1. Restricting the first residue to segment 85-112 and requiring it to be under 17 Å from Leu213 (Cα atoms), which pairs with a second residue that is among the aliphatic types (A, V, I, L, M) and not in a helix (DSSP H, G or I) meet a Cβ separation below 7 Å and a spacing of at least six or different chains?
2. Among the numbered criteria (1) surrounded by fewer than 22 Cβ atoms within 10 Å (Cβ to Cβ); (2) modelled with pLDDT of 95 or more; (3) more than 15 Å from the chain's Cα centre (by Cα), which single criterion is violated by Gln221?
3. Could you please tell me which pairs satisfy a Cβ distance under 9 Å, a separation of 6+ or placement on different chains, a first residue in segment 232-248 that is free of Cβ contacts under 8 Å to residues at least 24 places away in the same chain, and a second residue that is open to solvent by less than 10 Å² (accessible area, probe 1.4 Å)?
4. Quick check: anything in segment 288-298 under 30 Å from Leu371 (Cα atoms), modelled with pLDDT under 95, outside any helix (DSSP H, G or I) and open to solvent by 10 Å² or more (accessible area, probe 1.4 Å)?
5. Here are some conditions: (1) more than 19 Å from the chain's Cα centre (by Cα); (2) modelled with pLDDT of 85 or more; (3) open to solvent by 30 Å² or more (accessible area, probe 1.4 Å). Ala43 meets all but one. Which one does it not meet?
6. Would it be correct to say that Pro177 is open to solvent by less than 40 Å² (accessible area, probe 1.4 Å) and more than 18 Å from the chain's Cα centre (by Cα)?
7. Could you list, in sequence order, the residues of segment 260-284 that are open to solvent by less than 30 Å² (accessible area, probe 1.4 Å) and touching a Gly at 6+ places or on another chain (Cβ under 6 Å)?
8. Here's a check for you: in segment 86-128, which residue that is among the hydroxyl-bearing types (Ser, Thr, Tyr) and either at positive phi or in a loop (DSSP other than H, G, I, E, B) (or both) is surrounded by the fewest Cβ atoms within 10 Å (Cβ to Cβ)?
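The values are calculated or read from the model by the stated rules, or taken from the named source; none is laboratory data. Bear in mind that the values here come from a model prediction, so they are computed numbers and not experimental data. Cβ: placed from backbone, ideal geometry, glycine included. Neighbour counts: every protein chain shown. For accessibility, only protein heavy atoms count, side chains too; no ligands or nucleic acids. Shrake-Rupley method; radii C 1.70, N 1.55, O 1.52, S 1.80 Å.
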Amino acid sequence: MRPGTPPSRHFRALVACGLVLLCALASCRAVDVRAYNLDELHAADGHHHYSAALEGSLEYWFRHVVAPMLGPAQSAIGKKSKKAVKDPAQTCLEELLALGKLDITERYNRARAIQWSSRLCVDDPSLLSRERALYVLARAAAPLGRILPVPADKQKPVANPDAVSSALGSLVAASRPLLGLGEWTATAEAELAGAVELVGALNLDLDGARRALDVACGLAQRAGWEGRGRGLGELVTLLERTCVSRGIAHGLADEAPRTQAAAVEAAESVAGHGVLAGLLLQGAQRASTPPLVLERILERLAAGGLVRESPEPGAPPPAQLVQEQLQALYQIALGRDESELRVAAMSTLSALSGSGLHSLREEDWQEWWLLYSARPVQGARGP
């Protein structure tokens, strides 16, 4: 085209088409590709599929963004046949690693990362995937503030699948005006607030929380996270916190020591250093606590010091809390059968007890404990 010559109609059409495709590409989020592939790799119960229609970013864009824009013509490119997956556990791990690298300051990325990592840290049959999912979950939860890992409240009924479905159905219906499918009025605003409150009041286990987060973050992404959609955004944050809490609590009870150890790190990440005191006391009291889990707790205590004060309800006064932790370390050092674990406990005592002892001899620590435990504990509670 010569300088000064107006662009042809064909050229302008190509430019317009290119702009449409660029907009479509921008709307295709990397997290959606990861979520799609993880869904393809897993059955409803979490087990792996050995055949899946996995897609890369560009392919996902064509099939799920461009194809629906083509109307009836989309059927030719909108479907993909499943192919054999030689090692679904490894493929799942690779998808998790990609999920963990996403920008979690973007609200939608964070919600989807929490939704999937909280599922896989519990349901995936591969302990490597469960372990990695806990690290992804803890990273994604970083902007959410302090979260204590706890299961669903047993003092009241846990919402069953029908109750969750009913509440989510009301939420979707009440969100229609935000999506341009109805008139936004004072009544519509009140109905949305009521639906948000209904979902937020449910006593959710992990499955229910993940289902609710899936629906709520999809609605918030379409309606907007602020303004009229602010209530949806706040609900998403509440459900994210629930998924993190339930997921890490499950991880702490996992059958695999490596997964439990990862959950210890995740718990410290989301709940703060103070959570280690309870984990140490519980772990020392149970002979069945795997050595790897206790070693991980000792590592984290050595890195951050003894817990001097706990914000948990019913926690003992600071001096008593310190003594209980030292007693737990002493019990591990002299009471466990595993020599490496005993050495690790004595090394931790050397670093944290303030005794001046740097010994790996049991009799030295026995003598120290007799003297230390005979001292009155300031602020200790009476019987």
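1. Matching pairs, first to second residue: Asn109/Leu102; Arg110/Ile104.
2. Among (1) surrounded by fewer than 22 Cβ atoms within 10 Å (Cβ to Cβ); (2) modelled with pLDDT of 95 or more; (3) more than 15 Å from the chain's Cα centre (by Cα), the lone unmet condition for Gln221 is (2).
3. No pair meets every condition.
4. Within segment 288-298, one or more residues are under 30 Å from Leu371 (Cα atoms), modelled with pLDDT under 95, outside any helix (DSSP H, G or I) and open to solvent by 10 Å² or more (accessible area, probe 1.4 Å).
5. With (1) more than 19 Å from the chain's Cα centre (by Cα); (2) modelled with pLDDT of 85 or more; (3) open to solvent by 30 Å² or more (accessible area, probe 1.4 Å) applied to Ala43, the lone miss is (3).
6. On the way: open to solvent by less than 40 Å² (accessible area, probe 1.4 Å): yes; more than 18 Å from the chain's Cα centre (by Cα): yes.
The answer is yes for Pro177.
7. Ala263
8. Here is the first cut: in segment 86-128, the residues among the hydroxyl-bearing types (Ser, Thr, Tyr) are 91, 105, 108, 117-118, 126.
Of the ones still in play, those that are also either at positive phi or in a loop (DSSP other than H, G, I, E, B) (or both) are 105, 126.
Numbers: Thr105: 9, Ser126: 20.
Of everything passing the filter in segment 86-128, Thr105 is surrounded by the fewest Cβ atoms within 10 Å (Cβ to Cβ).
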